[in-house]
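Encoded as structure tokens, the structure appears first; notes follow it.
The values are calculated or read from the model by the stated rules, or taken from the named source; none is laboratory data. These numbers come from a predicted model, not from an experiment. Every residue, glycine among them, receives a Cβ derived from its backbone with ideal geometry; neighbour counts consider all protein chains shown.
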Amino acid sequence: MKLGIMQPYFFPYIGYWQLINAVDKYVVYDDVNFIKGGWINRNNILLNGGKHLITIPLEKASPFKLINEISVTGNEVLKNKLIKTIKSAYIKAPFYEQVMPQIEKLIFESSSISELNFNIILTIQKYLDIQTEIFLSSQIKKNNELKGQDKVIDIVHIMGAEEYINAMGGQELYSKDNFAKEKIKLSFLKPNEIRYKQFKNIFVPNLSIIDVMMFNSPEQIKDMLDDYTLV
């Protein structure tokens, strides 16, 4: 059985969904410390032909709090401003009418960043018909005294997996030898070059899944989910 574990990111890029699709079970790591300047509450979209950063404002976000302890702003003016930016960016995109209502609903119905991002994952999982079982790490009974690699290995054992697949960034954090000692195969998922038509612009890669969904049908995106290399 293959397992993936990642923090709950805000409308993450296609590689995140490739990882979810590549494993049998996926754990959303919501009970680790929030990292400012990361991808928990922001991502890039296409606006006026270039990369544009969008952010969902948070209440009293701090690296001393867990991700699931941080609230999304209750300020509807700020939320509406975010929605307006996304709408203006993609109103002429081919799948705008199917995708935009889902984005708007997600942003307005969630009170915490963990809840928002988990709902994003579940909504897009359903949209793309991904069959992976998805869990919240905060609901798994585990040794919370462990840190880093040791904590991940503990979760892998608890979930009964023989293989752990991580994003390429995990190469700096995890050792194949250490996982092998625990009888776990460690692999890293590297997305291949994925391109698609974005209006008439020069292609801008690695944007939020919002961009992918606005320009591609669910069937086209499902083909992209298998376009990666394991190393």
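Can you work out which of the residues in segment 114-169 that are of a type in the set (G, A, S) and not in a loop (DSSP other than H, G, I, E, B) is nearest to I56 (Cα to Cα)?
So, considering only residues that are of a type in the set (G, A, S) and not in a loop (DSSP other than H, G, I, E, B), the one nearest to I56 (Cα to Cα) is S114.
Having 1 or more residues that are of a type in the set (F, W, Y) and at negative phi is the bar; report the strands (runs of 3 or more DSSP E) wholly within segment 16-84 that clear it.
25-28
What number of residues within segment 172-206 are closer than 27 Å to A93 by Cβ, over 24 Å from the mean Cα position of the chain (by Cα) and of a type in the set (A, V, I, L, M)?
Final tally of qualifying residues: 1.
Looking only at helices (runs of 4 or more DSSP H) that lie completely in segment 170-231, which have at least 3 residues being of a type in the set (A, V, I, L, M, F, W, C)?
Ranges flagged: 209-215, 218-225.
Check N21, N44 and return the single one that is within 25 Å of N216 (Cβ to Cβ), of a type outside the set (D, E, K, R) and in contact with a His (Cβ under 7 Å, 6 or more places away or on another chain).
None of the other options fit; the residue is N44.
Name every residue in segment 51-61 that is loosely packed, with under 12 Cβ neighbours inside 10 Å and at pLDDT below 95, in order of residue number.
Selection gives K60 alone.
So which of G148, G169 is under 15 Å from the mean Cα position of the chain (by Cα) and at pLDDT below 95?
Unique residue meeting the criteria: G169.
State whether the residues of segment 88-96 include one that is free of Cβ contacts under 8 Å to residues at least 40 places away in the same chain and part of a helix (DSSP H, G or I).
no
I want to confirm something. Restricting to segment 105-143 and keeping residues that are surrounded by fewer than 13 Cβ atoms within 10 Å (Cβ to Cβ) and over 19 Å from the mean Cα position of the chain (by Cα), which single residue is farthest from A180 (Cα to Cα)?
Result: K141.
Of all the residues that make up segment 16-37, how many are touching a residue at least 24 places away in the same chain (Cβ under 8 Å) and farther than 19 Å from Q131 by Cβ? Before you say what the answer is, go through the steps one by one.
Keep residues of segment 16-37 that are touching a residue at least 24 places away in the same chain (Cβ under 8 Å), which gives 16-36.
Filter once more, keeping what is farther than 19 Å from Q131 by Cβ: 29-36.
The total comes to 8.
Could you tell me whether F203 is over 22 Å from P8 (Cβ atoms), free of Cβ contacts under 8 Å to residues at least 40 places away in the same chain and touching a Lys or Arg at 6+ places or on another chain (Cβ under 6 Å)?
Yes.
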